[in-house]
1. Pick from the stretch 8-45 the residues that are at pLDDT 85 or above and assigned to a loop (DSSP other than H, G, I, E, B): which of them is nearest to residue 95 (Cα to Cα)?
2. Just give me the residues in the stretch 77-91 being in contact (Cβ under 8 Å) with a residue 40 or more places away in the chain and assigned to a helix (DSSP H, G or I), in sequence order.
3. State all residues of the stretch 77-90 that are touching a helix residue (DSSP H, G or I) at 6+ places or on another chain (Cβ under 9 Å), farther than 19 Å from residue 40 by Cβ and surrounded by fewer than 18 Cβ atoms within 10 Å (Cβ to Cβ); if no residue qualifies, say none.
4. What are the pairs, 6+ residues apart or on separate chains, where a residue within the stretch 53-76 that is surrounded by 14 or more Cβ atoms within 10 Å (Cβ to Cβ) has its Cβ under 6 Å from a residue that is at pLDDT below 90 and not in a loop (DSSP other than H, G, I, E, B)?
5. Identify all residues within the stretch 91-102 that are under 26 Å from residue 16 (Cα atoms) and surrounded by fewer than 11 Cβ atoms within 10 Å (Cβ to Cβ); write none if there are none.
6. Looking at the structure I just gave you, is residue 58 in contact with a helix residue (DSSP H, G or I) (Cβ under 9 Å, 6 or more places away or on another chain), farther than 26 Å from residue 4 by Cβ and in a helix (DSSP H, G or I)?
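The values are calculated or read from the model by the stated rules, or taken from the named source; none is laboratory data. This one's a predicted model, so the numbers in the text were calculated from it and none came from an experiment. Please note: Cβ atoms are built from the backbone with ideal geometry, for glycine as well, and neighbour counts cover all protein chains shown.
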């Protein structure tokens with residue numbers, strides 16, 4: 001017998017909790033800021049919980065950079081093209097209306 005999702009009560013194969021979390025998500029904001037020693041960091045904020053770790057891992061692998069997720073914020077090393085990050089987030093299933101590029 002398959003496992004049951006604790007959130008929705010459906011079997012794991014039919015669970016849609018991840019999709020619903022992405023659709024009901026707040027605004028995702030992408031911007032770049034300057035850190036110590038004139039180094040740039042691309043910041044993505046507005047994600048929470050389990051999706052934060054999954055999204056961080058996917059972005060780091062796709063962009064071939066280092067980074068971390070702290071306090072609900074994804075920090076990627078380097079000044080990355082915000083349009084590329086938006087395209088990656090769209091391919092991961094986040095709605096276009098919730099992504100804001102600053």
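1. 27
2. 82, 85, 86, 89 - these are the residues of the stretch 77-91 that are in contact (Cβ under 8 Å) with a residue 40 or more places away in the chain and assigned to a helix (DSSP H, G or I).
3. Within the stretch 77-90, 90 is the sole residue that qualifies.
4. 69/52
5. Our first condition is that a residue be under 26 Å from residue 16 (Cα atoms); within the stretch 91-102, this holds for 91-100.
Correct list: 91, 96, 97.
6. Values: in contact with a helix residue (DSSP H, G or I) (Cβ under 9 Å, 6 or more places away or on another chain): yes; farther than 26 Å from residue 4 by Cβ: yes; in a helix (DSSP H, G or I): yes.
Judged against the criteria, residue 58 is a match.
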